[in-house]
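Have a look at the structure below before the remarks.
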């Protein structure tokens, strides 16, 4: 049984979604990356509602690490405007490296928390 790349990514994403679930207090930060654009959404799965989103659709920038960093910072600012401070990351079946990793790191550097343990460590450091 052989699957093509798209089917493999979909299977990884479904396997991941069994564990990752967003709520109103801690929404799911869903990341999707295509060859041309990058998308980030903050989703409340219990209400089946998208709380906030950002992407590179309006900008004609290359889909590289520098743009991924900008998208991560932009996602964190959009989340803060909506009152979101802590999220659970959904990498969408993609490997956690490259552009996906850059988006998450930029969002956490801009003040978004991805785990309660990291939030506690940050408070202890202050």
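Taking the options 48, 38, 29, name whichever one is without any contact (Cβ under 8 Å) to a residue 12 or more places away in the chain and either over 21 Å from residue 105 (Cβ atoms) or in contact with a helix residue (DSSP H, G or I) (Cβ under 9 Å, 6 or more places away or on another chain) (or both).
Details: 38 fails: without any contact (Cβ under 8 Å) to a residue 12 or more places away in the chain; 29 fails: without any contact (Cβ under 8 Å) to a residue 12 or more places away in the chain.
On inspection, the qualifying residue turns out to be 48.
Those residues that are within 13 Å of the chain's Cα centre (by Cα) and farther than 24 Å from residue 9 by Cα, I need them from region 23-50; list them, please.
Correct list: 26 only.
Residue by residue, here is whether (1) more than 24 Å from residue 111 (Cα to Cα); (2) surrounded by fewer than 15 Cβ atoms within 10 Å (Cβ to Cβ); (3) free of Cβ contacts under 8 Å to residues at least 60 places away in the same chain; (4) touching a strand residue (DSSP E or B) at 6+ places or on another chain (Cβ under 7 Å) holds:
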| position | (1), (2), (3), (4) |
| --- | --- |
| 7 | yes, yes, yes, no |
| 22 | no, no, no, yes |
| 44 | no, no, yes, yes |
| 55 | no, no, yes, yes |
| 60 | yes, yes, yes, no |
| 66 | no, yes, yes, no |
| 78 | no, no, yes, yes |
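Does residue 74 meet the test of being in a helix (DSSP H, G or I), free of Cβ contacts under 8 Å to residues at least 60 places away in the same chain, surrounded by 13 or more Cβ atoms within 10 Å (Cβ to Cβ) and in contact with a strand residue (DSSP E or B) (Cβ under 6 Å, 6 or more places away or on another chain)?
yes
Only the coordinates and a few stated rules stand behind these numbers; no lab work does. Keep in mind the model is a prediction, meaning the values are calculated, not measured. Glycine gets a Cβ as well: all are built from the backbone with ideal geometry, and neighbour counts include every protein chain shown.
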